[in-house]
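To keep things clear, I will list the structure first and then write my remarks on it.
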Amino acid sequence: MAPVPATAAAGSSTREIRRAQRADGPAAVLAIGTANPEKCVTQDEYADFYFRITNSDHLPELKDKLSRICNKSGIEKRFMYVSDELMEAHPEFADRHLPSLDARVEIASKNVPELAAAASAKAIAEWGRPATDITHLIFSTYSGVKAPSGDRLLASLLGLRPTVSRTVLSLHGCYGGGRALQLAKELAENNRGARVLVACAESTLIAFYGPEVGCNDIIVGQALFGDGSGAVIVGADPVDAVERPLFEMAFASQTTIPDSEGAITMQYMKGGMDYHIASGVPEMLAGNVERCLAHAFDSVGVAAKWKDLFWAVHPGGRRILDLIEEALGLENGAMAASRQVLSEFGNMSGTTVIFVLNELRRRFEADGAEGADWGALMAFGPGVTVETVLLRVASGLKPNQ
């Protein structure tokens, strides 16, 4: 953040000093990076893999159920830390009723920040400025419950300066990426010269355990979730010839759907993180998404037609995307970026929407962004919470303008 000149501050009102501290323009996405663990499991082999390493082949009906869900999920492969070697070293991970939280947290507290560092390093390299120019760090994860938190290790791994302002977002689940981007927008626009690194990283290790008869949440979760990290650098007033703005962030809001507290829940237990996702969540989201969008566009005075927007929607599952497209009257293919990410990586919780944003950027660079202007980024999670960020294609994706 650039300091206010002493001569101006001495004779200025507090209001004038504050005005000088703010950015002139809107926050923008300046760079994106993503990363995944090396281990990849294809969806058609996942049921065999999962039931083998959890010693659960004596439950063939549940295995058949997982196979059916995997086949209909729209996912082709996922990446994860969980492996045969890990489960051999920690057989207690297979049973959520055995004490294993300490071991899980110890592993995740190292692996998750390292994964975030890999994605962040890519974003910083693309950005083109030194890591020491980062003024703020926002780290979102549900995979660590230690202090100092993962943000401290991440800052060290990246070589950020000691004065970097760090914030941790914990247990936001699938809306963590949207929440982090809104906070980054506020920081960038209210601190002249600020450059905010958003890093989201998750590992299914913290909630990985064997199946149980009568517990549908475990099977559904095992069919959907994967590991990954996404990083975004956000700043206002881009430096010409150095920084390349990709998406301007025009407005951001958070909406909590009434009477939805128990629809999506997460809680740390002795055997890892317990989670619940109600069967009616896709319908709940589809029934509220238009209201959230209308509020956002009304707030900036823009009349938008949903079919004219580009979309960066968190692919919580195939049915969520299907029902939202139907509710908004979108044409087939409107959420192609979300479906592509779901296919290649599964649901990586809060980090997934950053992968979608990166896929959108890739498509604009490959096919051109002519005609693209306004878009919406949306993420959903416990609460039930809906994060909405209005985006506009910036000059970095329209090089001829």
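The values are calculated or read from the model by the stated rules, or taken from the named source; none is laboratory data. These figures come from a predicted structure and were not determined experimentally. Don't worry about glycine lacking a Cβ; one is built from the backbone with ideal geometry, like all the others, and counts go over all protein chains shown. Accessible surface areas use protein heavy atoms only, side chains included; no ligands, DNA or RNA. Shrake-Rupley method; radii C 1.70, N 1.55, O 1.52, S 1.80 Å.
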query: Dipole magnitude of the chain about its Cα centre, charges +1 at Lys/Arg Cβ and -1 at Asp/Glu Cβ only, in debye to the nearest 20?
result: 1160
message: If you fit an axis through the alpha-carbon atoms of helix 43-53 and take the longest principal axis of the Cα set of the chain, what angle between them do you get, 0 to 90°, nearest 10?
response: 60
- prompt: In whole percent, what relative contact order does the chain give with Cα contacts below 8 Å and a gap of six or more residues?
  reply: 24
message: For a Förster distance of 60 Å, can you work out the FRET efficiency between the beta-carbons of Ser395 and Asp64, rounded to the nearest 0.05?
response: 0.70
field: Area of Ile206 that stays accessible when all protein chains are in place (1.4 Å probe, Å², to 10)
entry: 0
Formal net charge of residues neighbouring Val313 (Cβ-Cβ distance under 14 Å; K, R +1; D, E -1): -3
field: Which listed pairs, of Lys72/Lys122; Lys110/Lys270; Lys63/Lys270; Lys39/Lys65; Lys72/Lys307; Lys122/Lys146, have C-alpha distances above 31 Å, in listed order
entry: Lys72/Lys122
- line: Helix-only [θ] at 222 nm, the chain, -39500 (n - 2.57) per DSSP H run of 4+, per residue, nearest 500, equals -12500 deg cm²/dmol
- request: Residues in the stretch 25-50, backbone N under 19 Å from the label point at Glu76 (7 Å along the Cα-to-beta-carbon vector): list them, ranges by number please.
  value: 35-47
- request: Determine the shape class of the chain: with a ≥ b ≥ c the square roots of the Cα gyration tensor eigenvalues, call it rounded for a/c under 1.5, and otherwise prolate if a/b is greater than b/c, oblate otherwise.
  value: prolate
message: I want the local charge near Gln222. Using Cβ-Cβ distances under 11 Å, sum +1 for each Lys or Arg and -1 for each Asp or Glu among the other residues.
response: +2
message: Distance between the C-alpha centers of the stretch 196-229 and the stretch 91-165? Whole Å please.
response: 17
- prompt: Any idea what angle helix 101-127 forms with the longest principal axis of the chain, computed on alpha-carbon atoms, 0 to 90 degrees, nearest 10?
  reply: 40
query: Just in the stretch 8-47: which GluC sites (Glu not before Pro) are loop by DSSP and have at most 11 other Cβ atoms within 10 Å?
result: Glu38
- prompt: Taking Lys305 as the anchor, which lysines have their alpha carbon closer than 27 Å to its alpha carbon, excluding any fewer than eight residues away along the same chain?
  reply: Lys185, Lys398
- line: Simple SL model, points at 7 angstrom along Cα→Cβ for Glu88 and Thr14; separation in nm is 6.5
field: Relative contact order of the stretch 247-393, pairs being alpha-carbon contacts under 8 Å that are 6 or more residues apart, as %
entry: 38
task: Take every DSSP beta bridge with both residues inside the stretch 247-393 and express the antiparallel ones as a percent of the total, to the nearest 5.
output: 85
Where GluC sites (Glu not before Pro) fall in DSSP loop in the stretch 287-396, at most 15 other Cβ within 10 Å: Glu331, Glu370
Volume in Å³ per residue [convex hull over Cα atoms, computed for the stretch 247-393]: 112
task: Would you work out which of Ala304, Gly371, Thr388 lies farthest towards the positive end of the dipole of the stretch 247-393, given +1 charges on the beta-carbon of Lys and Arg and -1 on that of Asp and Glu, about the Cα centre?
output: Thr388
- line: The local net charge around Met378, scoring Lys/Arg +1 and Asp/Glu -1 for residues other than Met378 whose Cβ lies under 14 Å from its Cβ, equals -1
message: Name the residue from Thr255, Gly333, Ser56 whose Cα lies farthest towards the positive end of the charge dipole of the chain, charges +1 on Cβ of Lys and Arg and -1 on Cβ of Asp and Glu.
response: Thr255
- prompt: Using a simple spin-label model with points 7 Å from Cα along the Cα→Cβ vector, what separation in nm is obtained for Asp298 and Arg319?
  reply: 3.0
query: Just going by the charge dipole of the stretch 82-176, with Lys and Arg at +1 and Asp and Glu at -1 on Cβ, which of Ser109, Leu86, Leu157 is farthest out on the positive end?
result: Leu157
- prompt: What's the extension gain from Lys110 to Gln267 if we count 0.36 nm per residue and subtract their Cα-Cα distance?
  reply: 54.4 nm
